[in-house]
Amino acid sequence: MNNVWSQYVQTTEELYRSREMRFNDSNAALWLKAIGVKSGQNILEVGCAGGVFCHKIKKYVPDVKITGLDLDTGHIEYAKAKTAELGLDCEFVNGDATAMPFADNTFDLCYSHTVAEHIPHKPFFGEQYRVLKPGGKIVDLSVRTRLELRNIHEYGGSDEEKALLEKAWSNAGDFDKEHNIGAFEMDEHEYPKELEKAGFHDVNVDFLTVVDYAPDNASVSDDIAIKQINSIRIGCLACAQKAFNRVPDALTEHEKSRLINLINERFDKRIKQYNDGEKLWDFSTSTILVVSGKK
Ligand SMILES: C[S@@+](CC[C@H](N)C(=O)[O-])C[C@H]1O[C@@H](n2cnc3c(N)ncnc32)[C@H](O)[C@@H]1O
């Protein structure tokens with residue numbers, strides 16, 4: 001049983017809801033091209049969390065065989081339940097990216113999204129090399145946070161909310177350091193070098209920029225706009241919940257529920273503004289480094 005990520009780092013719901021907005025109906029073709037998905041492939045996603053990318057790929061290219069692997073037990077349980085709910089045929093395996101339970105030369109395509117930065121490079125890329133078929137493709141997707149454009153803080157938290165959140169996170173300690181969270185981050189030029197070191201050839205670097213939040217855009221339906229606003233709400237609620245999990249006594253029960261209420265009020269207000277036709281033009285973008293290579 002391993003729930004380090006889902007309980008203390010990024011909750012399954014938070015990851016699922018934000019990625020669902022990042023890889024959406026209007027940009028699906030860009031993602032499928034960036035990942036290099038082709039009909040009939042046997043595909044592995046390493047570090048799949050709740051399985052959102054596997055679900056998206058299966059939705060748009062139904063005749064692939066797709067498997068997601070993650071170390072976190074909670075993420076994998078969620079992925080399996082969501083797969084059944086969506087009526088999709090995807091497989092999910094609880095396992096370690098540095099010692100994967102798959103035979104050599106199994107997959108046509110191995111990809112990962114924001115995972116390499118948390119795992120030692122040699123076993124991470126080496127294991128993917130081992131399980132890929134000769135001629136198979138690796139694709140590493142990594143969000144470049146310094147290229148992110150966001151102006152979603154216009155309706156940011158009140159002083160009371162900020163103070164409660166700060167108190168909730170006080171004394172959280174060095175948890176991230178102890179669990180290697182972000183310990184293996186690389187600059188853009190280091191990814192292709194690591195792929196070559198692992199034995200990959202035909203290495204390429206590319207970038208994908210997507211708008212993942214823009215509820216006031218004319219092209220965004222009411223349903224998606226509300227989902228976008230709620231995906232940011234889920235992220236803020238998850239931030240508070242993770243603090244409660246890490247430091248259970250930092251806030252009293254009364255303060256915890258006050259913080260949750262303040263966050264919800266903020267997003268209820270944003271939804272009301274949306275429904276009243278009051279435009280804020282708040283948006284966010286993600287720029288993703290896409291490094292690929294062949295075995
Ligand atoms: C930043 S999250 C990204 C999740 C997913 N790819 C996404 O973008 O939503 C990193 C993921 O890597 C997983 N992970 C961390 N170490 C791992 C390991 N050694 N083996 C497999 N998965 C691992 C975590 O559980 C988490 O789901």
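Some notes on this structure:
- Yes/no for Lys133 being out of contact with any helix residue (DSSP H, G or I) (no Cβ under 9 Å at 6 or more places or on another chain) and modelled with pLDDT of 85 or more: yes
- Cβ-Cβ distances below 6 Å connect the following pairs, each with a first residue in the range 101-118 that is farther than 24 Å from Ala183 by Cβ and in contact (Cβ under 8 Å) with a residue 24 or more places away in the chain, a second residue that is open to solvent by 40 Å² or more (accessible area, probe 1.4 Å) and within 15 Å of the ligand (Cβ to nearest atom), and a separation of six or more residues or different chains: Asp104/Arg130.
- With a requirement of 3 or more residues that are open to solvent by 40 Å² or more (accessible area, probe 1.4 Å) and under 25 Å from Ala49 (Cβ atoms), the helices (runs of 4 or more DSSP H) lying completely within the range 105-181 that satisfy it span 121-131, 175-178.
- Among the residues of the range 186-219, none is identified as at positive phi and among the basic types (Lys, Arg).
- Residue check, Thr73 surrounded by fewer than 22 Cβ atoms within 10 Å (Cβ to Cβ), within 14 Å of the ligand (Cβ to nearest atom) and modelled with pLDDT under 95: no
- Cβ-Cβ under 7 Å pairs, at least 6 apart or on other chains, the range 1-13 side near the ligand (Cβ under 10 Å from one of its atoms), far side among the charged types (D, E, K, R): Asn2/Asp72; Asn3/Asp72; Val4/Asp72; Trp5/Asp72; Ser6/Asp72
- Test: residue in the range 123-143 that is of a type in the set (Lys, Arg) and over 30 Å from Glu188 (Cα atoms): no
- Applying the condition of being among the acidic types (Asp, Glu) and open to solvent by 60 Å² or more (accessible area, probe 1.4 Å) to the range 1-30 and asking which residue is nearest to Ile232 (Cα to Cα) yields Glu13.
- The residues listed here are Lys177, Lys162; of these, the one that is more than 12 Å from the ligand (Cβ to nearest atom), under 22 Å from the mean Cα position of the chain (by Cα) and either of a type in the set (Lys, Arg) or over 30 Å from Gly40 (Cα atoms) (or both) is Lys177.
- Counting only helices (runs of 4 or more DSSP H) that sit completely within the range 186-295, those holding 2 or more residues that are in contact with a strand residue (DSSP E or B) (Cβ under 6 Å, 6 or more places away or on another chain) correspond to 190-197.
- Arg144, sole failed condition from (1) away from the ligand (no atom under 16 Å from the Cβ); (2) within 23 Å of the chain's Cα centre (by Cα); (3) not acidic (Asp, Glu): (1)
- Failed condition for Leu44, given (1) under 24 Å from Val211 (Cα atoms); (2) open to solvent by less than 10 Å² (accessible area, probe 1.4 Å): (1)
- Matching residues in the range 236-265 - criterion: being open to solvent by less than 40 Å² (accessible area, probe 1.4 Å) and either free of Cβ contacts under 8 Å to residues at least 12 places away in the same chain or more than 17 Å from Ser158 (Cα to Cα) (or both): Ala238, Lys242, Ala243, Phe244, Val247, Ala250, Leu251
- Flag for Val203 being open to solvent by less than 70 Å² (accessible area, probe 1.4 Å) and either among the aromatic types (Phe, Trp, Tyr) or within 21 Å of Leu69 (Cβ to Cβ) (or both): no
- Considering residues of the range 85-104 that are surrounded by 15 or more Cβ atoms within 10 Å (Cβ to Cβ) and hydrophobic (A, V, I, L, M, F, W, C) only, the residue nearest to the ligand (Cβ to nearest atom): Ala97
Residue-wise test of (1) more than 22 Å from the chain's Cα centre (by Cα); (2) of a type in the set (Val, Ile, Thr).
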site: Lys167; (1), (2): yes, no
site: Gly173; (1), (2): yes, no
site: Phe184; (1), (2): no, no
site: Ala214; (1), (2): no, no
site: Ile226; (1), (2): no, yes
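- All of Lys33, Lys65, Lys82 fail the test of being in contact (Cβ under 8 Å) with a residue 24 or more places away in the chain, open to solvent by 20 Å² or more (accessible area, probe 1.4 Å) and either under 25 Å from Val291 (Cβ atoms) or more than 15 Å from the ligand (Cβ to nearest atom) (or both), apart from Lys65.
The values are calculated or read from the model by the stated rules, or taken from the named source; none is laboratory data. Note that the structure is predicted; figures quoted are calculated from it, not measured. For neighbour counting, all protein chains shown are included, and Cβ atoms are generated from backbone atoms with ideal geometry for every residue, glycine included. The accessibility values were calculated without ligands, DNA or RNA, using every heavy atom of the protein model including side chains. Shrake-Rupley method; radii C 1.70, N 1.55, O 1.52, S 1.80 Å.
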